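Everything on this sheet refers to the single structure shown next.
The values are calculated or read from the model by the stated rules, or taken from the named source; none is laboratory data. From a predicted model like this one, the values you see are computed outputs, not experimental measurements. Cβ coordinates were reconstructed from backbone atoms using ideal geometry, including for glycine residues, and neighbour counts include every protein chain displayed. What goes into the accessible areas is simple: the full protein's heavy atoms, side chains included, and nothing from ligands, DNA or RNA. Shrake-Rupley method; radii C 1.70, N 1.55, O 1.52, S 1.80 Å.
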Amino acid sequence: MTQSLLPPNATKLERALEAATTRLSDINTNLRVLWSPSECPEALLPWLAWSLSLDSWSTDWPVAIKRERIRRALDIARRKGTAESVRSVVQSFGGSVALREWWQLDEPGPPHTFALVLNLNGEGGSPATAAFVNAVIAEVSRTKPVRSHFTFTQGLSAAAPIGLIAAVRPVTYARLSSVAPAA
C-alpha cells in the first residue's frame, strides 16, 4: 500500500475517497487513443466531440463524418467568423464549397453578404438528404460572421465513365432528315 498524503486528522470520508481514487488511477487507460479522432472507439466519439465543444452532433451521421467533424473542431473554432471556417465546416461534412463574398461578385452585392454553392457528392458516406443539407446549413450559420447573410445553392456533381459518354454522344448529335415530296 502506498503512503497516504492525508494529514493524521483526516476523516473516514476523506480516507475512503483517497482509497477510491487510488484504485481508479490503477486502471490502465491509453489516453492517446481516447483523444485521437481516428483511433477513438466509435461509442466514445460523442464524448470526444463534447470535450472539444463541437457545436452540433447527430447520431445519424456516418462514422467517417463524425471523425472528420471532431478532427476539424479546433481549427473551425479558432477561425470562427471567417470565410475559411465556413469552408472547413462544409469540408468536414464531406462536401466542397464555392464561396464568393459580396465584393467578389461580377456586380458587387449588398455589403456583408456571400453566395454559397454547396456540393455534397455523397462520397465518404455523406448522404445528400434534405435533413443532412439542413444540418450543414445550420452549422454554416453558426460559423459564419454574425453580421453576414448568405444565399445558398446546392450543386450536384456526377461522374460517368468515358465509354458511356462515347456511346451516348452519337445519339445526342443524330440528325433527322426528311425528303420533301417532289412536286
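Taking 45 Å as R0, compute the FRET efficiency from the Cβ-Cβ separation of residue 115 and residue 42 and round it to 0.05.
0.75
Which value, in Å² rounded to 10, gives the accessible area of residue 14 with a 1.4 Å probe and all protein chains present?
For residue 14, the solvent-accessible surface is approximately 90 Å².
Once the range 12-113 is represented by equal point scatterers at the alpha-carbon sites, with solvent omitted, what log10 I(q)/I(0) does the Debye formula produce at q = 0.11, 0.14, 0.18, 0.24 Å⁻¹?
Rounded to two decimals, the profile gives -0.52, -0.70, -0.90, -1.21.
Which order do 152, 114 take when ranked by solvent-accessible area (1.4 Å probe, heavy atoms of all protein chains), largest first?
Of 152, 114, the descending order of accessible area is 152, 114.
With only Lys, Arg, Asp and Glu charged, each at its Cβ (+1 for the first two, -1 for the last two), find how big the charge dipole of the range 1-79 is about the Cα centre; round to the nearest 20 debye.
That gives a dipole near 180 debye.
Ordering 59, 143, 113, 82 from largest to smallest accessible area (1.4 angstrom probe), what's the sequence?
Result of the area sort, largest leading: 59, 82, 113, 143.
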